[in-house]
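Single-structure report; data block below.
The values are calculated or read from the model by the stated rules, or taken from the named source; none is laboratory data. Computed from a predicted structure; not experimentally measured. Note: ideal-geometry Cβ built from the backbone for every residue, glycine included; neighbour counts use all protein chains shown.
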Amino acid sequence: MRPWGKKEIQDRKREIMAEVESLRPLITDIAEALHDNPELGLQEVFAAKKLTGILEEHGFGVQRGVARLPTAFRATLGSASPNIAFMAEYDALPGIGHGCGHNLIAAVAVSAGIAMSKVCPPEEGVASWTVLGTPAEETVGGKAIMVQEGAFQGIDAALIAHPGQRSGVGGGTSWASHPLEITFHGKTAHAGSNPEGGVNALDACVLAYMSVRNLRNRLRDPVRLAGIITKGGDAPNVIPDLAQMRFTLRSTDWRYLEHVVIPKVRECAQGAASALGAEVQFRHHEELFRETLHYPALQRACLDNLQLVGEEVPGQDGGGGGVTDVGNVTWVIPAIQISFNSTSAPGHTKEMAESTVTKRGIDAAVRAAQVLSSSALDLAVCHEILEEARNYLEARLSASGAGED
């Protein structure tokens, strides 16, 4: 494809701005409809039906039930390369509703995809456009499952915009996480008359808990080992034959987490079980969430477009501790999650949920869709951006990540 000049890109971005603005009623409709009908992860039947219906009305071919997830979908228009995807989230929080603003995330992704289908239609052969419906971000991590199932194959880059109290292009700390459930099996006995006849599963659990907590001095920074005992017995005069605990195990390097941290946690539990004569079982009750790769090329493009729509982007503080399934996507294709300033309310609150349907929230979503669309155009026509991003991913994949104990 012929190279695009700077003026041609600028002119096309002006068209994008106008097209997204014309979609303001659609953005408002999606935000309000999902706000009024909040659904938990993998139960987003209303949301998935509404979003796919809108996309089909605009000419997108829709595949439902992607990656064996009933509410996941993939909607694509065109067949040209590259294929740029906009990721939609639409699950809500129990008792709160859309307190993480996923209704706005969905509105931004759908409107960005539609805008690009109008400004750079399939017959131009500039790119193909995909909207990926990624459910259950708050629970099982839908994107992590979709990555495992190959749902991102054929996509060259993916973008998502998350509402919050500030605008940014990533760069803070994102953690890898692989929560672990540990269950100890012992033998019951009367705690008063025959304690020696039992095998105390709770004692093994407590000993293991303390061993895991004391691992901290044997691990490199940064690592988090937070846990609770979820079951410890039924009666104080009965030696418990079952005890259980759950740990959220986190590191800023998923390979160090998998190859060093988790094996040492298992050793602690196995040692405690052996010392007390108990049996131990392990279960990862959530998917492995990988840390987010921050692509400099994608960050520069999105930052330029945030500034283009007048967004102030403060410097990144490098803080965090949070986990997102977007991280898993960044390890298979170039991808970025930007944030956009839509509210003064903190996340995961009812106040945040209500802010998503205010004028400020809708205005912010319109700007976010303009940013994602403009950034998608940059990726489609400025081939050096996508090439740099691919090289960055290749370098990270080939680098050693497990480290030393």
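At-a-glance table
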quantity	calculated
Contacts under 6 angstrom Cβ, first residue in region 97-123 being in a strand (DSSP E or B), partner among the hydrophobic types (A, V, I, L, M, F, W, C), 6 or more apart	Gly97/Ala353
Residue in region 232-252 that is of a type in the set (D, E, K, R), surrounded by fewer than 18 Cβ atoms within 10 Å (Cβ to Cβ) and part of a helix (DSSP H, G or I) present	no
Ala48 under 26 Å from Val371 (Cα atoms), modelled with pLDDT of 95 or more, assigned to a strand (DSSP E or B) and not hydroxyl-bearing (Ser, Thr, Tyr)	no
Meets criteria (in the same structural domain as Ala335 (by TED's automatic domain parsing), surrounded by fewer than 22 Cβ atoms within 10 Å (Cβ to Cβ) and of a type in the set (A, V, I, L, M, F, W, C)) for Val140	yes
Qualifying residue in region 182-194 (condition: closer than 30 Å to Lys350 by Cβ and not basic (Lys, Arg))	no
Within region 248-287, tally of residues that are under 16 Å from Arg218 (Cα atoms), in contact with a Pro (Cβ under 7 Å, 6 or more places away or on another chain) and among the acidic types (Asp, Glu)	0
Count of residues meeting criterion [under 16 Å from Ala275 (Cα atoms) and crowded, with 16+ Cβ neighbours inside 10 Å] in region 188-198	1
Extreme residue, surrounded by the most Cβ atoms within 10 Å (Cβ to Cβ), among residues of region 9-28 that are without any contact (Cβ under 8 Å) to a residue 60 or more places away in the chain and closer than 18 Å to Leu55 by Cα	Ser22
Criterion (modelled with pLDDT of 95 or more and either out of contact with any Leu (no Cβ under 8 Å at 6 or more places or on another chain) or among the polar types (S, T, N, Q) (or both)) met by exactly one of His190, His178, His185	His190
Residues being surrounded by fewer than 23 Cβ atoms within 10 Å (Cβ to Cβ), part of a helix (DSSP H, G or I) and not assigned by TED's automatic domain parsing to the domain that holds Asp11 - total across region 269-313	5
Selected residue (only one of Arg220, Arg224, Arg213 is assigned to a strand (DSSP E or B), in the same structural domain as Ala275 (by TED's automatic domain parsing) and out of contact with any helix residue (DSSP H, G or I) (no Cβ under 6 Å at 6 or more places or on another chain))	Arg224
Members of region 128-160 found to be in a strand (DSSP E or B) and either of a type outside the set (A, V, I, L, M) or over 13 Å from Ala85 (Cβ atoms) (or both), listed by number	Ser128, Trp129, Thr130, Gly133
Hey, Ala85 under 22 Å from Ala368 (Cα atoms) and in a helix (DSSP H, G or I) or not	no
Candidates Arg74, Arg64, filtered to the one that is in contact (Cβ under 8 Å) with a residue 40 or more places away in the chain and farther than 18 Å from Leu34 by Cα	Arg74
In region 74-120, residue nearest to Arg360 (Cα to Cα) [restricted to those that are among the hydroxyl-bearing types (Ser, Thr, Tyr) and surrounded by 24 or more Cβ atoms within 10 Å (Cβ to Cβ)]	Ser111
Val265 vs. criteria at pLDDT 95 or above, buried (at least 20 other Cβ atoms within 10 Å of the Cβ) and either among the β-branched types (Val, Ile, Thr) or at positive phi (or both)	yes
Count of residues meeting criterion [in a helix (DSSP H, G or I) and free of Cβ contacts under 8 Å to residues at least 12 places away in the same chain] in region 30-45	1
